[in-house]
Amino acid sequence: MLRIFIRFIKTYFLWELLRGLALTGSRLFRRKFTVQYPDEKTPKSPRFRGLHALRRYPNGEERCIACKLCEAVCPAVAITIESEEREDGTRRTTRYDVDLFKCVYCGFCEEACPVDSIVLTDIHEFHFEGREGTVIDKAGLLAIGDRYESSIATAREHDAPYR
Amino acid sequence: MVMIIIDGQEIEAEAGSMIIQAADKADIYIPRFCYHEKLSIAANCRMCLVEVEKAPKPLPACATPIADGMVIHTVSEQAVEAQQGTMEFLLINHPLDCPICDQGGECPLQDQALGYGGDVSRFSEGKRVVDDPDIGPLIETEMTRCIHCTRCVRFGQEVAGIMELGAIGRGEDMKIATVIGRTVDSEVSGNAIDLCPVGALTSKPYRFTARAWELASHDAISPHDCLGSNLNIQTAHDTVKRVLPRTNEHVNECWLSDRDRFSYEGVNSSDRLLQPLVRVGDRFEEVAWEVALQRAATALSDIGKAEGPGAIGALASPTATLEEFFLLQQLMRGLGSDNVDHRLRQRDFRDDSFTALFPGTELPVEQIQDAARVLLVGCHLRKELPLVALRVRELCRMGGQVAALNPMDYEQNFPLTEALVVAPSALPAALARIAIARVDQVEVPEELRQWAELIPDSEEFARTAKMLSDVEGEVVVVLGQIAAQHREASALRAIASWLAQHTGIRLAFLPEANGAAAWIAGCVPHRQANGDGVPEPGLNVSQMLSARLSAYLLFGLEPTMDLAATGNLVSALSDASFVLSFSAFRSAVPAQADVVFPLALFTESAGTYVNCDGRAQSVEAAMDPRGMARAGWKILRVLGNYLALPGFDYITADDVRSRVNLSLPEVVCRLEEGCPLPGAASKSVPWSAESQRFERVVDVPIYDVDPIVRRASSLQRTRDHSLAAVHMNKEQLLALNVKAGDSVRVIADTDEVRLTITPDDRVLDGCVYIPMGSAATAPLGGADYIELKVVR
Ligand code: SF4
Ligand code: SF4
Ligand code: SF4
Ligand code: FES
């Protein structure tokens, strides 16, 4: 009998609503922690695995030596490499494609690379405007590497003590 | 047989064999680098150290003969410690550049370092650096990787017969190198690539293009010679990346000639024809298959109706498959014409009706090394059949003897007991002299005597005859390509057959490429498939060319270079009203062709090859044909349908094959008894400096034999290729007052070419050597006599 009476009171005096409003009211005056993405960004781990890049040595020579280990290790078969002897006798790729739709961003390719050529950068904000754009070729990968070399290098440096 | 115990396992092994051989037989693994079952034992890598009970220290398994009751441990602490120690020493000077090494992924050193090497090197001193010599267009060197196993050296010395690579220096300074500035020119040099356990010797054409793990392997048979070497075609991304041998002890053992190994570059050539063509005015237009087939069928049946089927003739390249030969002759015979032939460079067909089922070797290839005596007649064996030459070399090593009767003093890679060199025209005469001396008391037919009397008798003939008599074991007389293409080839065959009939001598008439299959499939004018006769023989190659037929079918050949009768050919094709060319290469299509079918090559087509000892080997296609090219047997089958011929309803290559009986009897290649010996040719015109007329020694160099090898770019850069010149000996150079490098006009009948002079002391007085098979000498065809005009 008493329980029925209390429920009656709570229903008619909008008790649940008031409780909800009370919670909102109490948060209204506390410190906010919303990040205003894309104006604000959270920090990323130096091990973040985002978009791929091919790096160069400081003298401008591409690092990749076409050993095809990344291609062999890739679990998603996302990498396609063709290689040839370059005029100066060195072993180089003539084609290096990464299919970003196939890639699972596992980072195995980076692990396998003996010369730190293929790396996963911390770039994760990218989009495609057509199907063909989902495969980045060698020139594209080298361009990404050139553009973000400093951040790539810093990230590797930060991570180095733990390797 | 003795009993030994390896790793607790009791094994019965042959007395005198080495521990490693006994272990291999019992499938017990012992690591190794320098040991190879086909090479002598060097025991210089020390990787195979094992513990033998009662021995004070570990012993090399490859060089320790077993003894009864020996107890061996391959994985005991002492053995493993020794192996690990050896590995550490081997890696001291090794650059560890696996990521850029072509051997990476299939490298015994890499594999064994994983098993026996440490994870961190204790060696911090500087590593040895060695220069990489350029040893030719086929083998790439990276000598810092060399571990001095000397397999490559032993291969050259023992198997190939020319020691081109050698070890110079000792200890840390030891280097593998050629004689300064020399290249490796052996025709079997590529095997050193397979033998080298590290990446010190790698394939130049394959360099950096693929990794072992991404290659798909397919079985194939080499079409370039009559041995039918077993190939392992390795492909990636729809191209042939490299070719490796497939071990077959009956055929190629574990070796491969460079021609078989590197001819795939021709398959990948940019000259491949990818689309059917038809002539429109004076140029070719690419069309769909249906259009080309329809056009060809209409033209052929029109000509057949208007001028009779005898006005159509077909020539096939001897590199085609059995199925292609069969369908080509079925097509021709279905049209009503027997004019079909594959003997493109043969010029003498007089003994056709007496020939055996197919030319071949009466002694199986695998028994050649066990023969006692071999006489090579008109045969540059080393360049013709490089792997058979290795077996003949083995024969010499076992105490056998070899003699050669050749039109020039070819360098062989085995010792010749007798090297007889006579002018080309005197080959039958010299063979007749030997035959008469060998057979002795038997009555000699008059014709044979006439032949013999063309040249004066000499001591050498008697010596050679003596060499061939009174021995235990097989005696073989081999007639090579020079004999088969000789103007008097039927005389040579008849004399050899006479010799064989009166002695126990076995014969070998070497067919060209897959020629044996062509004979069996009936791709000859006087026989149908399986050797069945024809009522009236058709025209052979030379008759077809001189008869000026109205339609020619050219199957897989490059007319200007694959035929002996080249001059005839151009006019015959120009006069013909219809020329149908099946060609894999754009530049091999004759300008006179009306319809061109793009042909798949041996890597892209299922087919059967019959080698010289009658071994039929069938393979599937290794890959899809390039572009719109199609396998020859499919094209012929569909062309048969377009022509509405009966019996062209095959579904697979197997169906075609089943029409041919391939359970072949033991090879007998000698001419049937009763074959008349052709009368002796008149004496050749003697040479005089004034007439400047020379007898020509002619052969087909190893890398000019067919359209595929002619387009294999690396082979074309080897020393064996630069032969298209006028070779003559130094005295004649003086007599003619010319010097090396001078340009001369070479005139044969109506055609002439300009070539340079090369001194070559292998050539006799009165002769010049001008090979055929290349563009530079194409207009001369197989001409036997030429006139030289010095250009001043
Ligand atoms: S991140 Fe992983 S899935 Fe992506 S390309 Fe590299 S190895 Fe392949
Ligand atoms: S990116 Fe690195 S692992 Fe991949 S092929 Fe190049 S060098 Fe080898
Ligand atoms: S080059 Fe190769 S085969 Fe020759 S000695 Fe060196 S490691 Fe052995
Ligand atoms: S394999 Fe025995 S020492 Fe080399």
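Would you mind stating whether B:Gly69 is more than 30 Å from A:Arg86 (Cβ to Cβ) and either within 16 Å of ligand 1 (Cβ to nearest atom) or in a loop (DSSP other than H, G, I, E, B) (or both)? I'd like the intermediate steps shown before the answer.
Details: more than 30 Å from A:Arg86 (Cβ to Cβ): yes; either within 16 Å of ligand 1 (Cβ to nearest atom) or in a loop (DSSP other than H, G, I, E, B) (or both): yes.
The answer is yes for B:Gly69.
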query: If you go through segment B:133-149 one residue at a time, do you hit one that is over 22 Å from A:Pro114 (Cβ atoms) and touching a Cys at 6+ places or on another chain (Cβ under 7 Å)?
result: yes
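Run down B:Glu172, B:Glu106 and say which single residue is farther than 20 Å from B:Arg261 by Cβ, away from ligand 3 (no atom under 13 Å from the Cβ) and among the acidic types (Asp, Glu).
Numbers: B:Glu106 fails: farther than 20 Å from B:Arg261 by Cβ.
Exactly one residue qualifies, and that residue is B:Glu172.
Are there any strands (runs of 3 or more DSSP E) wholly within segment B:675-792 with 1 or more residues that are under 29 Å from the mean Cα position of the chain (by Cα) and closer than 30 Å to B:Pro445 by Cα, and if so which?
Working: elements: B:693-697, B:726-728, B:743-748, B:751-759, B:767-769, B:785-790.
Per the criteria, B:693-697, B:785-790.
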- prompt: Restricting the search to segment A:110-140, which residues are of a type in the set (Gly, Ala, Ser) and away from chain B (no Cβ under 14 Å)?
  reply: A:Gly130, A:Gly133, A:Ala139, A:Gly140
Filter result for the condition that a residue is away from ligand 4 (no atom under 16 Å from the Cβ), more than 27 Å from B:Val159 (Cβ to Cβ) and acidic (Asp, Glu), over B:Glu51, B:Glu12: B:Glu12
- request: Output the residue which, of all residues in segment A:50-64 that are surrounded by 23 or more Cβ atoms within 10 Å (Cβ to Cβ) and outside any loop (DSSP other than H, G, I, E, B), is nearest to the other protein chains (Cβ to nearest Cβ).
  value: A:Leu54
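May I ask you to say which residue of A:Arg56, A:Arg95 is more than 14 Å from ligand 1 (Cβ to nearest atom) and touching a Ser or Thr at 6+ places or on another chain (Cβ under 8 Å)?
Numbers: A:Arg56 fails: touching a Ser or Thr at 6+ places or on another chain (Cβ under 8 Å).
Of A:Arg56, A:Arg95, the one residue that is more than 14 Å from ligand 1 (Cβ to nearest atom) and touching a Ser or Thr at 6+ places or on another chain (Cβ under 8 Å) is A:Arg95.
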task: Filter segment B:74-113 down to residues that are among the acidic types (Asp, Glu) and in a helix (DSSP H, G or I) and give me whichever is surrounded by the fewest Cβ atoms within 10 Å (Cβ to Cβ).
output: B:Glu77
Selection within segment B:206-240 - within 11 Å of another protein chain (Cβ to nearest Cβ) and either of a type in the set (Phe, Trp, Tyr) or outside any loop (DSSP other than H, G, I, E, B) (or both): B:Tyr206, B:Phe208, B:Ala212, B:Trp213, B:Glu214, B:Ala236, B:Thr239
message: Taking the criterion of being closer than 19 Å to B:Ala521 by Cβ, acidic (Asp, Glu) and modelled with pLDDT of 95 or more, would at least one residue in segment B:350-359 satisfy it?
response: no
field: Any hit, segment B:580-591, residues being open to solvent by 20 Å² or more (accessible area, probe 1.4 Å), in a helix (DSSP H, G or I) and farther than 21 Å from B:Arg343 by Cβ
entry: yes
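Please give the strands (runs of 3 or more DSSP E) falling wholly within segment B:593-651 in which 3 or more residues are closer than 30 Å to B:Val668 by Cα and not charged (D, E, K, R).
On the way: elements: B:595-598, B:607-610, B:616-619.
The qualifying strands (runs of 3 or more DSSP E) are B:607-610, B:616-619.
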message: Cβ-Cβ under 7 Å, sequence separation 6+ or interchain: first residue in segment B:94-107 and more than 9 Å from every other protein chain (Cβ to nearest Cβ), partner open to solvent by 20 Å² or more (accessible area, probe 1.4 Å). Which pairs?
response: B:Pro95/B:Lys127; B:Pro95/B:Thr144; B:Glu106/B:Ala212
- request: Check segment A:137-148 and report whether any residue there is more than 16 Å from ligand 3 (Cβ to nearest atom), open to solvent by less than 60 Å² (accessible area, probe 1.4 Å) and part of a loop (DSSP other than H, G, I, E, B).
  value: no
message: Is it the case, given these coordinates, that A:Glu84 is at pLDDT below 95 and facing another protein chain (nearest Cβ under 8 Å)?
response: yes
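Every residue, every condition in (1) assigned to a helix (DSSP H, G or I); (2) open to solvent by less than 20 Å² (accessible area, probe 1.4 Å); (3) touching a strand residue (DSSP E or B) at 6+ places or on another chain (Cβ under 8 Å); (4) more than 26 Å from B:Pro415 (Cβ to Cβ), yes or no:
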| position | (1), (2), (3), (4) |
| --- | --- |
| B:Pro137 | no, no, no, yes |
| B:Ile147 | no, yes, no, yes |
| B:Phe155 | yes, yes, no, no |
| B:Glu172 | yes, no, no, yes |
query: Taking the condition more than 14 Å from chain B (Cβ to nearest Cβ), in contact (Cβ under 8 Å) with a residue 24 or more places away in the chain, more than 30 Å from B:Cys101 (Cα to Cα) and surrounded by 11 or more Cβ atoms within 10 Å (Cβ to Cβ), does A:Lys10 pass?
result: no
- request: Give the residue that is farthest from the other protein chains (Cβ to nearest Cβ), with candidates limited to residues of segment B:184-205 that are over 21 Å from the mean Cα position of the chain (by Cα) and part of a loop (DSSP other than H, G, I, E, B).
  value: B:Pro197
statement: Looking across segment B:134-168 at residues that are of a type in the set (Val, Ile, Thr) and touching a residue at least 24 places away in the same chain (Cβ under 8 Å), the single one that is farthest from ligand 2 (Cβ to nearest atom) is B:Ile162
- prompt: Which condition does B:Gln275 not pass, out of (1) more than 16 Å from ligand 4 (Cβ to nearest atom); (2) touching a Cys at 6+ places or on another chain (Cβ under 8 Å), if it passes all the others?
  reply: (2)
message: If I filter segment A:125-132 for residues that are within 16 Å of ligand 1 (Cβ to nearest atom) and crowded, with 16+ Cβ neighbours inside 10 Å, do I get at least one hit?
response: no
- prompt: Cβ-Cβ below 9 Å, separation at least six or inter-chain, first residue in segment A:94-106 and more than 14 Å from every other protein chain (Cβ to nearest Cβ), second within 10 Å of ligand 1 (Cβ to nearest atom) and open to solvent by 40 Å² or more (accessible area, probe 1.4 Å): which pairs?
  reply: A:Asp99/A:Val77; A:Lys102/A:Val77; A:Val104/A:Pro75; A:Tyr105/A:Arg49; A:Cys106/A:Arg49; A:Cys106/A:Pro75
task: Being touching a strand residue (DSSP E or B) at 6+ places or on another chain (Cβ under 7 Å), of a type in the set (Val, Ile, Thr), modelled with pLDDT under 90 and crowded, with 19+ Cβ neighbours inside 10 Å narrows it down to one of B:Val746, B:Val738, so name that one.
output: B:Val738
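Quick grid of which residues meet (1) among the acidic types (Asp, Glu); (2) in a loop (DSSP other than H, G, I, E, B); (3) surrounded by 16 or more Cβ atoms within 10 Å (Cβ to Cβ):
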position	(1), (2), (3)
A:Ala66	no, yes, yes
A:Cys70	no, no, yes
A:Val77	no, yes, no
A:Glu82	yes, no, yes
A:Arg92	no, no, yes
A:Arg95	no, no, no
A:Lys102	no, yes, no
A:Cys109	no, no, yes
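Within segment B:24-48, how many residues turn out to be among the hydrophobic types (A, V, I, L, M, F, W, C), open to solvent by less than 50 Å² (accessible area, probe 1.4 Å) and within 19 Å of B:Ala13 (Cβ to Cβ)?
Quick first cut of segment B:24-48, residues among the hydrophobic types (A, V, I, L, M, F, W, C) only: B:26, B:28, B:30, B:33-34, B:39, B:41-43, B:45, B:47-48.
When the remaining residues are screened for being open to solvent by less than 50 Å² (accessible area, probe 1.4 Å), the result is B:26, B:28, B:30, B:33-34, B:39, B:42-43, B:45, B:47-48.
From what's left, within 19 Å of B:Ala13 (Cβ to Cβ): B:26, B:28, B:30, B:43, B:48.
Qualifying residue count for the region: 5.
The values are calculated or read from the model by the stated rules, or taken from the named source; none is laboratory data. These numbers were taken from a predicted model, which means no experiment stands behind them. Cβ coordinates were reconstructed from backbone atoms using ideal geometry, including for glycine residues, and neighbour counts include every protein chain displayed. Surface accessibility is based on the protein's heavy atoms, side chains included, excluding ligands, DNA and RNA. Shrake-Rupley method; radii C 1.70, N 1.55, O 1.52, S 1.80 Å.
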